[in-house]
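Single-structure report; data block below.
The values are calculated or read from the model by the stated rules, or taken from the named source; none is laboratory data. Quantities reported herein were computed from a predicted structural model and do not represent experimental measurements. All Cβ positions, even for glycine, are placed from backbone atoms using ideal geometry, and neighbour counts span all protein chains on display. These area figures cover heavy atoms from the full protein model, side chains too; ligands, DNA and RNA do not enter into them. Shrake-Rupley method; radii C 1.70, N 1.55, O 1.52, S 1.80 Å.
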Amino acid sequence: MEKLTEAQNELYEWLVEYIKSRQHSPSIRQMMQAMNLKSPAPIQSRLEHLRNKGYIEWSEGKARTIRIIHPDRKGVPILGAIAAGGLIEPFTDAVEHIDLSNLSLPAKTYALRVTGDSMVEDSIVEGDLVFLRPVMEPDNLKNGTIVAARVEGYGTTLKRFYRQGDRVTLKPANSNYAPIEVNAAQLDVQGSLVAIWRNYN
């Protein structure tokens, strides 16, 4: 399926949640309010793009008949792998989705599959899925938070975050691994841990 723009995706995700919770589609006015728009024209344009790209459909001439064509696209995107050990680079596009609609997860939650064993003492093992939410204010992160952090020039790793001044220590939960110590400017905290999913099959 053709990718959506940020504005189209914002409307699409809102539509999915609205229709899922209320079992009917919203009015144009409700969509305008949700998107903070004062004119119906941008909504109608986004709806046309969503239909043309194969995300929604509706019955011509009938109000509130929008249907989501691919509801299974919803769910938590799995964006690749994250190292609990060395450093690797995760993907940015979803490689698969996992449907956890019965769980309450924060907005924009995404998942990475764990490789390595540096977090075993926190009960995070190879093959687990870690669910992360974006960190909007990394300066306010509490020390000890488990994060996905991208270290400049290396890649992304899963560790406990500790900051003192302008130095950050990423600590493993396995005594066989040494902490990673870097300047805060070399670090991009990409997500904080929300939940862990393990498949026992």
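The set of residues in region 150-174 being touching a residue at least 24 places away in the same chain (Cβ under 8 Å), assigned to a loop (DSSP other than H, G, I, E, B) and either among the charged types (D, E, K, R) or closer than 15 Å to ASP117 by Cα (or both) consists of GLU152, PRO172, ALA173, ASN174.
Among the numbered conditions (1) over 14 Å from ILE82 (Cα atoms); (2) open to solvent by 50 Å² or more (accessible area, probe 1.4 Å); (3) of a type outside the set (D, E, K, R), tell me where ILE196 comes up short. Here ILE196 clears every test but (1).
Per-residue answers, yes or no, for (1) in contact with a Leu (Cβ under 8 Å, 6 or more places away or on another chain); (2) at pLDDT below 90; (3) on the phi < 0 side of the Ramachandran plot:
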{"position": "LEU129", "(1), (2), (3)": "yes, yes, yes"}
{"position": "LYS142", "(1), (2), (3)": "no, no, yes"}
{"position": "ALA149", "(1), (2), (3)": "yes, no, yes"}
{"position": "GLY155", "(1), (2), (3)": "yes, yes, no"}
{"position": "PHE161", "(1), (2), (3)": "yes, no, yes"}
{"position": "THR169", "(1), (2), (3)": "no, no, yes"}
{"position": "ILE180", "(1), (2), (3)": "yes, no, yes"}
{"position": "GLN190", "(1), (2), (3)": "yes, yes, yes"}
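Within region 7-34, residues that are open to solvent by 40 Å² or more (accessible area, probe 1.4 Å) have Cβ atoms under 6 Å from residues that are assigned to a loop (DSSP other than H, G, I, E, B) in these pairs: HIS24/ARG64, counting only partners at least 6 apart in sequence or on another chain. Which residue is surrounded by the fewest Cβ atoms within 10 Å (Cβ to Cβ), if the candidates are limited to region 35-58 and must be in a helix (DSSP H, G or I) and among the polar types (S, T, N, Q)? Here the answer is ASN52.
For residues that are assigned to a strand (DSSP E or B) and open to solvent by less than 20 Å² (accessible area, probe 1.4 Å), scanning just region 105-129, find the one that is farthest from ASN176 (Cα to Cα). Among residues in region 105-129 that are assigned to a strand (DSSP E or B) and open to solvent by less than 20 Å² (accessible area, probe 1.4 Å), the one farthest from ASN176 (Cα to Cα) is ALA111. Take the conditions (1) more than 30 Å from GLU13 (Cβ to Cβ); (2) not in a helix (DSSP H, G or I); ALA185 misses just one of them, which is (2). Just to be sure, is ASN201 modelled with pLDDT under 90 and part of a loop (DSSP other than H, G, I, E, B)? When the stated conditions are applied, ASN201 passes them.
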